1. Of all strands (runs of 3 or more DSSP E) completely enclosed by the range A:298-394, which ones contain at least 1 residues that are in contact with a Lys or Arg (Cβ under 7 Å, 6 or more places away or on another chain) and modelled with pLDDT of 95 or more?
2. Return the residues of the range B:42-66 that are under 9 Å from A:Tyr59 (Cβ atoms) and not in a helix (DSSP H, G or I); say none if nothing qualifies.
3. For the structure I just gave you, tell me whether B:Gly348 is among the small types (Gly, Ala, Ser) and buried (at least 17 other Cβ atoms within 10 Å of the Cβ).
4. Applying the selection to the range B:57-77, what residues are more than 14 Å from chain A (Cβ to nearest Cβ) and in contact (Cβ under 8 Å) with a residue 40 or more places away in the chain?
5. I want to confirm something. Restricting to the range B:143-180 and keeping residues that are without any contact (Cβ under 8 Å) to a residue 40 or more places away in the chain and hydroxyl-bearing (Ser, Thr, Tyr), which single residue is surrounded by the fewest Cβ atoms within 10 Å (Cβ to Cβ)?
6. Just checking, how many residues over the range B:323-360 are of a type in the set (S, T, N, Q) and within 19 Å of the chain's Cα centre (by Cα)?
Number of protein chains: 2
Amino acid sequence: MSCIIKCSPIPSASFAISETTENNINWDTIINLDHGDPIMYESYWRKMGNKCDITLSGYQSLSYFANVKNLCWFLEPKLEEEIKRLHNLVGNAIVDDHYIVVGTGSSQLIQASLYALSPPNEPEPISVVSAAPFYSAYAEVVNFVKSGLYKWAGDAHNFVKNGSYIELITSPNNPNGVIRKPVVNGDEGILIHDLAYYWPQYTAITSPANHDVMLFTVSKSTGHAGSRIGWALVRDKEVARKMTKFMEISTIGVSKEAQLRAAKILGMICDSCLDPTLDNFFEYNKSVMIERWQRLRQVVKANDHFFTLPKYPLQYCLFTRSFYETHPAFAWLMCKGSEDDLEKLLKGHNILTRSGKKFGSDPKCVRLSMLSRDEDFNIFLQRLMVIQRVTNAN
Amino acid sequence: MSCIIKCSPIPSASFAISETTENNINWDTIINLDHGDPIMYESYWRKMGNKCDITLSGYQSLSYFANVKNLCWFLEPKLEEEIKRLHNLVGNAIVDDHYIVVGTGSSQLIQASLYALSPPNEPEPISVVSAAPFYSAYAEVVNFVKSGLYKWAGDAHNFVKNGSYIELITSPNNPNGVIRKPVVNGDEGILIHDLAYYWPQYTAITSPANHDVMLFTVSKSTGHAGSRIGWALVRDKEVARKMTKFMEISTIGVSKEAQLRAAKILGMICDSCLDPTLDNFFEYNKSVMIERWQRLRQVVKANDHFFTLPKYPLQYCLFTRSFYETHPAFAWLMCKGSEDDLEKLLKGHNILTRSGKKFGSDPKCVRLSMLSRDEDFNIFLQRLMVIQRVTNAN
């Protein structure tokens with residue numbers, strides 16, 4: 001496992017905090033940091049120009065099938081190849097003794113995992129838990145069609161284990177970036193590892209993950225959220241077969257166009273790590289993350305600690321061969337002041353974020369995306385600085 | 001609504017039935033007519049060459065969003081435009097007072113419709129019915145996660161109406177090509193019209209369909225099953241909103257690549273109907289369907305009516321301005337002889353079909369795809385001729 005790293009200039013516009021006042025900043029534009037729309041990555045892909053172009057002809061990919069010999073019969077062979085190549089290069093997951101199941105984003109793969117792992121003939125649905133603060137969509141994804149196979153049972157910390165259950169482990173965690181392990185630790189626990197953010201731009205790769213079911217998505221690894229491509233690495237053949245069955249029933253497979261483009265994009269990322277004439281994808285975007293987090297922490301520190309942000313440990317990254325602390329895709333911002341509803345406070349200043357309540361946590365916290373456009377991130381920081389100064393003074 | 005029609009040569013290889021004997025045909029290759037894989041369409045799209053090429057750059061379509069102003073926020077505006085253009089040109093559905101919801105194929109749209117139309121807070125799930133023979137996947141799609149919102153209740157003919165229910169109406173019907181109306185006719189019936197095959201290559205367009213929820217898919221209209229693109233035309237805003245919500249929770253929208261390519265393909269089909277220098281898509285593929293059905297009927301008639309096929313009425317097609325009888329995408333073949341399991345009989349000769357049992361009907365029937373490759377269709381006909389001759393003689 002090795003890579004050649006080419007350093008990249010920090011692409012964001014510089015921003016002088018000291019010159020900002022309440023009057024000379026833009027308060028009108030709505031800055032939406034509620035969703036994790038990964039538009040930040042557009043600058044890297046624009047730099048790549050037409051190197052990732054893919055042309056599809058009208059007569060290509062008509063069939064439902066991609067490879068009838070594969071257990072996951074709708075998985076494009078080229079995508080399978082590039083997924084394996086990328087994991088082997090980055091070293092963030094063991095692929096060699098796992099089956100790959102492709103999905104329409106990782107939301108569908110979560111459902112497929114639940115379908116495959118739930119006992120099929122129990123009178124009661126199996127409980128699905130995750131440690132708070134947990135990804136806000138989990139409860140809805142688990143419960144929306146009132147399945148008789150599985151049901152959401154909330155915060156894993158409060159779960160009284162009594163027989164089998166499924167625990168969703170998100171690491172680094174969405175919303176708060178923490179590296180996670182299972183918390184219930186019951187004998188009959190079935191684990192699903194959501195590793196959407198276990199990539200070198202966000203966190204140190206400390207060892208290759210090697211779990212029974214591991215979920216990844218291009219949305220957060222490459223920035224191509226519009227493609228709706230995720231994949232699962234699944235150790236057990238029967239579980240992989242059932243997950244494939246879920247995909248077959250729910251959507252008869254996964255778009256071939258999206259798979260072929262994802263293969264091209266993942267291939268380009270691998271090439272960028274090996275070819276010194278290209279901007280290394282992970283180094284480039286890691287630089288952007290570092291700069292954004294530095295600036296956010298600078299703003300938060302500047303005014304008597306009205307807000308706080310989590311701290312992350314420094315860890316050695318086997319991929320970049322350097323020490324790195326986690327720079328999550330979301331900031332988990334907490335208000336230390338008297339404000340009880342931080343989402344509401346920020347919304348009053350046209351900044352949309354997601355309340356801690358939605359993550360099974362405190363409304364004094366919000367989750368906000370760190371992957372917005374540069375312009376939006378800059379306006380957000382300007383407003384945040386003034387908000388904390390003004391609110392603190394009142 | 002008008003179109004210029006350019007006649008096309010029949011593209012299939014000619015095939016002399018009288019010369020075929022048991023010894024000189026290929027019995028080894030497995031001919032899979034079980035799935036409705038629409039590979040037949042490849043010949044048309046190959047003729048179009050690079051006219052439908054679409055190139056996607058690495059920096060395109062990163063966002064989850066396609067149009068935040070649209071109720072269906074992940075629907076590509078170009079796809080919406082081409083869907084409307086095609087329906088208006090063909091005249092097979094009213095689009096102007098309907099919302100368009102895009103889905104990952106029509107399977108996902110069926111689930112989204114059920115989610116949107118089921119009463120949310122009833123103690124018992126609503127019954128979902130369809131008249132036998134019904135599409136074999138309906139039962140599985142409705143029941144696979146044991147939803148508490150809806151449950152499969154089988155053949156609509158046997159349904160004792162008692163309060164609300166959902167009826168799925170497939171017209172032309174899969175598997176047997178019959179034009180359908182609701183059969184339950186209860187006061188509290190909620191109807192979903194699956195119109196995947198209501199296109200001029202399969203049947204006469206007798207009037208624009210104008211129902212509350214109508215489902216279409218590129219798989220069967222253009223042949224691009226690998227794209228996983230379907231759409232719903234939905235009259236009620238709240239239902240469209242809930243269907244969009246289903247897509248949001250289950251897959252956070254629909255692949256942008258597949259949508260953009262589908263837009264290109266649908267646009268090309270419209271152009272082919274208006275530009276006399278192009279092969280008219282519908283006329284070309286209608287010719288193929290007519291020729292295949294003629295040859296199949298010829299084989300079936302040739303040997304004392306061992307098999308039978310449904311008859312379809314001749315109807316005036318407003319689109320082609322000519323009389324046309326339905327030429328379905330599937331043949332619903334029935335064995336009149338003493339054989340009780342037609343699927344098994346054909347499987348014994350390496351022809352894979354789907355038993356009538358799976359459609360809530362008779363195992364003396366099978367559904368077989370009429371959309372295979374020419375070579376496979378030719379081998380199938382050769383074998384069928386010998387099978388009925390030999391089996392009849394025994």
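1. Output list reads A:330-335, A:365-369.
2. Scanning the range B:42-66 gives a single hit, B:Met48.
3. no
4. Once the filter is applied, which keeps residues that are more than 14 Å from chain A (Cβ to nearest Cβ) and in contact (Cβ under 8 Å) with a residue 40 or more places away in the chain, the range B:57-77 yields B:Leu71, B:Cys72.
5. B:Ser171
6. Here the count works out to 3.
A quick yes/no check of all residues on (1) of a type outside the set (Gly, Ala, Ser); (2) over 24 Å from B:Ile39 (Cα atoms):
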site: B:Ala331; (1), (2): no, no
site: B:Met334; (1), (2): yes, yes
site: B:Ser338; (1), (2): no, yes
site: B:Lys344; (1), (2): yes, yes
site: B:Asp362; (1), (2): yes, yes
site: B:Leu368; (1), (2): yes, no
site: B:Ser372; (1), (2): no, no
site: B:Asp376; (1), (2): yes, no
site: B:Ile379; (1), (2): yes, no
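Condition check ((1) under 28 Å from B:Gly230 (Cα atoms); (2) within 13 Å of another protein chain (Cβ to nearest Cβ)) across all residues:
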| residue | (1), (2) |
| --- | --- |
| B:Met268 | yes, yes |
| B:Asp275 | yes, no |
| B:Phe306 | no, no |
| B:Leu318 | yes, no |
| B:Tyr324 | yes, no |
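The values are calculated or read from the model by the stated rules, or taken from the named source; none is laboratory data. Predicted model, so just to flag it, every value in this text is computed and none were measured. So basically every Cβ, Gly included, is an ideal-geometry build from the backbone, and we count neighbours across all protein chains shown.
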